[in-house]
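A.B. asks: What follows is a single structure, and I will ask about it in a moment.
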Amino acid sequence: MKRKLPLETWDRKPHFDFFRAFDEPYHGVCVRVDCTQLYQFAKQKGASVFLCYLHCSLAAAQEIQPFKYRIEGDGVVIYDQIDAGSTVARANGTFGYGYFPYLPQLDDFLISANREVERVRASSDLERSEATNLIRYSALPWLDFTSLSHARMFSRPDSCPRISFGKITETAGQKSMPVSIHVHHALVDGRDVGNYIESFQDLLNHR
């Protein structure tokens with residue numbers, strides 16, 4: 001479900017009009033998050049570390065309203081729920097795209113997400129969901145990156161956030177990983193990204 005955002009009374013309408021005209025309206029940051037608790041929780045549970053922190057990331061998106069905004073036509077809509085579209089690695093070294101609906105309970109999410117992972121791994125296509133109420137995710141577990149850019153098709157309108165996760169490393173018993181977050185500046189400001197990261201880290205800390 002979605003509803004229209006009343007543009008004429010939106011206090012960010014000047015910013016929306018300004019940044020929407022940019023050839024490259026996305027801005028991004030790379031940060032490190034502490035995933036010590038989440039990693040231990042996933043290992044004890046026998047669950048995928050990736051799917052566990054993906055669920056935390058999605059849960060944070062439900063809390064930060066600008067991450068639920070999408071541009072449709074000349075206006076903006078607010079989705080009730082944000083799901084995930086993510087790369088899934090295959091045994092032959094390629095990858096496919098999976099669609100992972102958000103479910104509030106982690107166990108329910110893991111059952112659904114594991115089924116989708118198996119479906120994508122058993123296929124050979126590069127089909128990607130056309131839904132717009134999602135965040136486009138990718139995982140680069142081989143790279144402890146400090147910056148990241150994305151391939152983009154500028155002729156195709158898009159306002160979905162893009163979040164990428166890097167390699168988990170350990171220092172003095174603390175595990176951390178880099179996270180890249182790119183968002184459409186007509187919809188999301190730096191403060192919103194900061195609020196998102198704070199919420200994400202809190203969820204990682206309390207698994």
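The values are calculated or read from the model by the stated rules, or taken from the named source; none is laboratory data. Because the structure is predicted, anything quoted here is derived from the model rather than measured. Glycine gets a Cβ as well: all are built from the backbone with ideal geometry, and neighbour counts include every protein chain shown.
A.B. asks: Just a yes or no: is a residue in segment 144-166 surrounded by fewer than 18 Cβ atoms within 10 Å (Cβ to Cβ) and under 17 Å from C56 (Cβ atoms)?
C.D. replies: No - not one qualifying residue is present in segment 144-166.
A.B. asks: Checking F41 against (1) aromatic (F, W, Y); (2) in a loop (DSSP other than H, G, I, E, B); (3) surrounded by 14 or more Cβ atoms within 10 Å (Cβ to Cβ), only one condition comes out false. Which one?
C.D. replies: Single failed check for F41: (2).
A.B. asks: Of the residues P66, P101, only one is surrounded by 13 or more Cβ atoms within 10 Å (Cβ to Cβ), within 30 Å of D17 (Cα to Cα) and in contact with an Asp or Glu (Cβ under 6 Å, 6 or more places away or on another chain); which?
C.D. replies: Among P66, P101, only P66 is surrounded by 13 or more Cβ atoms within 10 Å (Cβ to Cβ), within 30 Å of D17 (Cα to Cα) and in contact with an Asp or Glu (Cβ under 6 Å, 6 or more places away or on another chain).
A.B. asks: Also, quick follow-up: Of these, V117, V77, which one is buried (at least 16 other Cβ atoms within 10 Å of the Cβ), of a type in the set (V, I, T) and either closer than 24 Å to M1 by Cβ or without any contact (Cβ under 8 Å) to a residue 12 or more places away in the chain (or both)?
C.D. replies: V77
A.B. asks: Additional query: Six or more apart or on different chains, Cβ under 7 Å: which pairs go from a residue in segment 141-158 that's modelled with pLDDT under 95 to one that's assigned to a loop (DSSP other than H, G, I, E, B)? Could you list them?
C.D. replies: That search, which allows pairs on different chains as well, returns F154/D23.
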